[in-house]
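Single-structure report; data block below.
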Amino acid sequence: MTSEAPLLKVRGLTKHFIVRGGLLSREVGRVRAVDGLDIEVSSGRTLGLVGESGCGKSTAGRLILRLIEPDAGEVQFEGRNLQANSAAEMRRLRRNMQFVFQDPFASLNPRMTVGEIIEEALIVHGIGTREERRDRIATTLRSVGLRPEMMDRYPHEFSGGQRQRIGIARALVLEPKLIIADEPLSALDVSVQASVMNLMQDIQDRFGIAFILIAHDLAAVEHLSDDVAVMYLGRVVEIASAEAIYSEPKHPYTRILLASVPSLDPRAPRNWSRIEGEIPSPMRPPSGCPFHTRCPSRMDVCSQKKPALQTLPDGARVACHLYGETDIEAARELQH
Amino acid sequence: MAANRNPVLSVNDLVVHLRSGDGPVRAVDGVSFDICPGETVGLVGESGSGKSITALSILSLIPRNNIGFRAGRVLFDGADLNTMSDSEVRPIRGNKIGMIFQEPMTSLNPVLTIGKQIGESLVRHRGMSSRDAEAEAIQLLDRVGIPSAKERVREYPHQLSGGMRQRAMIAIAIACKPKLLIADEPTTALDVTIQAQILELIDELKRELDMGVLMITHNFGVVAQTADRTAVMYAGRIVEQADTTSLFDGPAHPYTAGLLAAMPRLGAKASSGRHRLKEIPGIVPRLTEERSYCAFAARCNYRVDACLRAQPDITLTTAGHQVRCYAPQAPVGQERVLETGS
C-alpha cells in the first residue's frame with residue numbers, strides 16, 4: 001500500500017438494516033449489512049471489494065457515496081469529512097465520485113438519447129453551455145471507444161458491452177477522481193468483459209482515477225485491482241495487495257474462496273471437499289468470528305472473541321485468531 | 001473411460017429454428033454430439049449461442065408453436081425423441097432424463113412442499129404410494145446433503161437458501177435414477193463456495209448412478225473442472241469439440257482460442273503484473289439471416305478467402321478433436337502450444 005495520503009479514507013462505516021414484521025411493523029431483527037468498514041484508496045489505484053452474497057460489498061459502495069445513509073462511521077474524501085457536509089457541498093463532492101452500475105440494460109433511460117443521458121449529469125452540476133457540453137460529450141464518447149455521432153442514438157440500439165461503455169462515459173464526463181463500479185462486468189459475456197476491463201485500465205492510466213471495484217468474479221478483481229479487501233458478513237476479514245492476497249492468502253475464508261474458483265486448467269487438482277456449510281444469515285451472525293461456523297481451522301477462541309483486523313509484518317491486514325497477538329490476548333483473557 | 005460404451009444420448013445434426021417477428025431465428029443449426037454413461041459433456045458458449053435451446057429441444061420443452069422448423073435426430077435409449085409426441089416424451093422426461101435449471105426458485109413449485117415435489121415423480125413414474133414416496137424423498141434429501149431431511153421434506157421452497165433449493169432440485173432430478181442428467185447453468189445463480197459444493201455433488205451422483213451428464217454453462221472454469229468432453233457453441237453451431245484437456249491445451253478454433261486468451265487467470269498477477277487482456281473484436285451475428293459463410297469470419301484474425309464463401313464443415317485436427325474452421329490454430333499432428341491468438 002502507498003504511503004501518500006489516500007484520496008478516500010473510510011473508518012468504522014456501519015449500516016444495520018432494521019427488519020420489521022407483524023401487524024404493528026415492530027422491529028423483528030437487524031441485518032448487519034456493513035459492520036465497521038475500514039478501507040482507503042489512493043489516486044490512480046484500484047481497490048477490489050470481494051465476497052459472496054450478503055457480505056455487504058454493494059451496501060458498502062452505496063454508503064461511501066451516501067446513496068444510503070450510514071448509521072455510524074466516517075468517510076473522508078481528500079481529507080474532508082463527508083458526513084459533516086451540507087447537501088450543496090455533498091453535490092459538489094459527488095461530482096468527484098461517480099457510480100457505475102451492474103446492469104447496462106436497466107440503468108440507462110430508454111427514452112433518452114445517449115447524448116441526453118450523459119448531458120444530464122453535466123446539467124445537474126451546472127457545467128458548460130449547450131455547445132461546450134456537446135463537445136465534452138463527444139470527447140468522452142471517444143475516450144470510451146464510441147463514436148461521437150452515437151450521442152444521437154437510443155440505448156436499445158447498442159450491444160451490452162457498448163451500453164456499459166455508455167455507463168462509464170456518463171460517470172467519466174464529470175472528470176471524477178473516484179469511480180465506484182458495482183459488478184460492472186457480471187451482465188456481460190466473456191468476450192465483452194475483456195474490452196470493458198481494458199477500458200477501465202485505460203481511463204485509469206489517462207486520468208489517474210481511483211476505482212473501487214465491487215465484484216464477485218475473483219479473477220477479474222485480481223486483474224484490475226492493486227489492493228483487495230475480502231468481506232464476510234459485513235466485515236473485512238483480509239486486506240492486502242492483489243499479489244499477496246492471490247499468491248499467499250492468509251485468512252481461511254480467503255483461502256477457501258480462492259480454492260472454490262473452478263480453474264481454467266483441467267489438470268488443476270480440485271480442492272473443493274473442505275468447504276463446509278452455507279453462509280449464515282446476516283440477521284443472525286455467529287458469535288465471535290463470523291466465519292467460525294465454516295472454518296476448517298477454528299479454535300475454541302473463535303466462537304468467543306471477534307478477531308480485530310491487525311497488520312502483519314508483510315503489510316497484509318487480517319482478522320483471524322490464527323495470526324499474531326490477538327490469540328495470545330484472547331488466551332490471557334480466557335485464563336482470567 | 002466411457003469411450004467404448006454405447007452413448008446414452010446421441011444428437012445428430014439437430015436444427016431448431018424459432019419463430020420471431022423478424023423471421024426465423026436459427027437458434028440451433030446442425031448440432032451433433034454423443035454422451036456416454038458416466039460421462040460429462042460440457043456445452044459452453046456465450047449468450048445467444050444456442051446452448052440452452054439445444055437442451056430444451058432435447059427435452060421437447062419448447063412450445064410447438066414457437067418452433068418454425070426442426071430437423072435431425074435425438075436418439076435416447078434407441079428411440080428418436082425428436083419425432084415423438086408430447087405424450088410419448090412425458091414418461092421419459094423427469095424419469096429417465098433428469099434436469100436442473102439455473103434458477104431453482106422459478107423451477108420449483110412455490111405452493112408444494114419439497115417432499116411432494118420429489119414424491120410426485122416417484123408416484124407418477126415408479127408407481128409408489130405417497131407414504132413410500134415421502135420416505136424415499138427423505139433419503140434423497142439426505143443424499144444431496146440437505147441437513148435434517150425429515151423436517152425439510154415438509155418445507156416449501158422459499159424456506160430454503162439458494163444452495164439448498166438447488167440441492168432440492170437435484171434430488172427431484174435424480175429421484176427416478178435417470179440415465180441422463182441435463183444441467184443448464186446449474187450454478188450460475190450461486191456463490192462460488194456453494195457452486196463448488198453443487199458441482200462436487202453432481203459429480204458424485206454421476207459416478208453413483210452411472211449417468212451421462214450434459215453440463216451447459218457460460219463458465220469455462222466449470223467446464224474445465226467437470227467435463228470429460230467439451231463442445232464450444234457459437235451462433236447455433238458447435239465450432240469445436242474435443243476431450244476437455246485437449247481443448248483447453250490447444251484450442252483449434254480462433255473463437256475458442258480468443259475466449260481463453262480474453263479471460264484473466266486466477267493467480268496470474270504475481271507473475272505477469274498489470275497487463276491488458278486480448279479482446280475479441282466485434283459482436284455476435286444476428287441469427288435471423290441465412291448464412292453462406294463462417295459466422296465468426298467478421299471477428300476472426302485468421303480469416304482466409306474460403307471463410308466468406310461457405311460455412312466450414314467439421315474437420316478433425318487430431319483423433320476426436322473436431323473443429324469447424326478453414327484455418328484451425330493447432331495443425332494436425334503437430335505439438336500443441338499454449339500461447340494462442342497473438
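When the residues of segment B:286-307 are filtered to those that are basic (Lys, Arg) and buried (at least 17 other Cβ atoms within 10 Å of the Cβ), which remaining residue is nearest to the other protein chains (Cβ to nearest Cβ)?
Of all residues in segment B:286-307, those basic (Lys, Arg) come to B:286, B:291, B:299, B:303.
Then drop every residue that is not buried (at least 17 other Cβ atoms within 10 Å of the Cβ), which leaves B:291, B:299, B:303.
Details: B:291: 19, B:299: 8, B:303: 17 Å.
It comes out as B:299.
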Within segment A:49-64, the residues that are buried (at least 24 other Cβ atoms within 10 Å of the Cβ) and either touching an Asp or Glu at 6+ places or on another chain (Cβ under 7 Å) or among the hydrophobic types (A, V, I, L, M, F, W, C) (or both) are A:49, A:50, A:55, A:60, A:64
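Conditions (1) touching a residue at least 24 places away in the same chain (Cβ under 8 Å); (2) hydrophobic (A, V, I, L, M, F, W, C), marked per residue:
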position: A:132; (1), (2): no, no
position: A:135; (1), (2): no, no
position: A:141; (1), (2): yes, yes
position: A:149; (1), (2): no, no
position: A:158; (1), (2): yes, yes
position: A:163; (1), (2): yes, no
position: A:177; (1), (2): yes, no
position: A:183; (1), (2): yes, no
Of the residues in segment B:260-285, those that are free of Cβ contacts under 8 Å to residues at least 60 places away in the same chain, more than 22 Å from residue A:247 (Cβ to Cβ), assigned to a loop (DSSP other than H, G, I, E, B) and within 7 Å of chain A (Cβ to nearest Cβ) number 3
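Specify which of the listed residues (A:256, A:279, A:245, A:239) is among the β-branched types (Val, Ile, Thr), part of a loop (DSSP other than H, G, I, E, B) and either crowded, with 17+ Cβ neighbours inside 10 Å or not assigned by TED's automatic domain parsing to the domain that holds residue A:50 (or both). Even if it seems obvious, please write down each step before you answer.
Values: A:256 fails: part of a loop (DSSP other than H, G, I, E, B); A:245 fails: part of a loop (DSSP other than H, G, I, E, B); A:239 fails: part of a loop (DSSP other than H, G, I, E, B).
Exactly one of A:256, A:279, A:245, A:239 is among the β-branched types (Val, Ile, Thr), part of a loop (DSSP other than H, G, I, E, B) and either crowded, with 17+ Cβ neighbours inside 10 Å or not assigned by TED's automatic domain parsing to the domain that holds residue A:50 (or both), namely A:279.
One line per residue, one yes/no per condition, for (1) in contact with a His (Cβ under 6 Å, 6 or more places away or on another chain); (2) crowded, with 18+ Cβ neighbours inside 10 Å; (3) over 15 Å from residue A:114 (Cα atoms):
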| site | (1), (2), (3) |
| --- | --- |
| A:140 | no, yes, no |
| A:147 | no, no, no |
| A:170 | no, yes, no |
| A:177 | no, yes, yes |
| A:183 | no, yes, yes |
| A:194 | no, yes, yes |
Among A:168, A:180, the single one that is under 23 Å from residue A:63 (Cα atoms) and either in a helix (DSSP H, G or I) or in contact with an Asp or Glu (Cβ under 9 Å, 6 or more places away or on another chain) (or both) is A:168
Requiring at least 2 residues that are in contact with a strand residue (DSSP E or B) (Cβ under 7 Å, 6 or more places away or on another chain) and farther than 27 Å from residue A:205 by Cβ, the strands (runs of 3 or more DSSP E) wholly within segment A:1-79 are A:8-21, A:26-41, A:72-77
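Whether any residue in segment A:257-274 is basic (Lys, Arg) and away from chain B (no Cβ under 14 Å) is what I want to check. Don't jump to the end; show me each part of the working.
We begin by selecting, within segment A:257-274, every residue basic (Lys, Arg); these are A:267, A:270, A:274.
Filter once more, keeping what is away from chain B (no Cβ under 14 Å): none.
No, there is no match, as no residue in segment A:257-274 is basic (Lys, Arg) and away from chain B (no Cβ under 14 Å).
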When segment A:184-220 is checked residue by residue, the ones that are outside any helix (DSSP H, G or I), at the interface with chain B (Cβ under 10 Å from one of its Cβ atoms) and out of contact with any helix residue (DSSP H, G or I) (no Cβ under 8 Å at 6 or more places or on another chain) are A:217
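The values are calculated or read from the model by the stated rules, or taken from the named source; none is laboratory data. Nothing here was measured: the structure is a model prediction, and the numbers come from that model. Cβ sites come from the backbone with ideal geometry, for glycine too, and all protein chains shown count toward neighbours.
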